[in-house]
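Below is one structure, written out as structure tokens, with a few remarks after it.
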Amino acid sequence: MRNDQNHSILKFIICFLLLWFFIIEIASAKEADTLKITKNLNFSGYVQYGTVLATNPYLRQAYLSDDASIEFAALSFQMLKQTTGEKLWEQKFGFPQYGFGIYSARFFNKNQFGTPIAFYGVFKAPFKRWNKFSLNYEAGFGFTFNWEAFNPSENNYNISLGATESVFIAALKTTVYDGGND
């Protein structure tokens, strides 16, 4: 019960901080009348907190029989190149960004799943863009290692993953507000 309260408090604090930063950014933003794309490197990061979903009845019974969920926290950092429209494909995709990233997840019971790390390529482009606001899609593909694989004698709890390496696939929808000075 105490663990659930700590997770609820952590979720509330993260949501509050994200909302606070978003409000500060909007309050300090200046109006822009045109879209300005500069050729440079951009850095971005994500924080993630979640629960592993049991994808079939066997896994639900195996993992959730003791009412314990499999929770994790993760960080992802990316280095991206902003395109400027010099090439036709850059214009067709709405001045996308591309680059590479690193992802690291920490399961609260790391003995069962390990501490996976992924290196991946990433492509980000807008569905729709307005002055400083855009709705985007993002795709990433790479390799993950450092899993704690299934082993009948040493780690028989992780029945989901039988390898220490795997493929990393990410598909996201994002909303971006650029509050930077012009």
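We did not get these values from a lab; they are worked out from the coordinates using the rules stated. The structure presented is a predicted model; accordingly, all values stated were derived computationally and were not measured. Positions of Cβ are backbone-derived with ideal geometry, glycine not excepted, and every protein chain shown enters the neighbour counts.
Annotation for A149 and I169: the two label points, set 7 Å from Cα along the Cα-Cβ direction, are 2.1 nm apart.
For L161, the residues 5 or more places off, or on other chains, whose built amide H falls under 5 Å of its own are F150. Projected onto their three principal axes, the Cα atoms of the range 92-153 cover extents of 57, 20, 15 Å, largest first.
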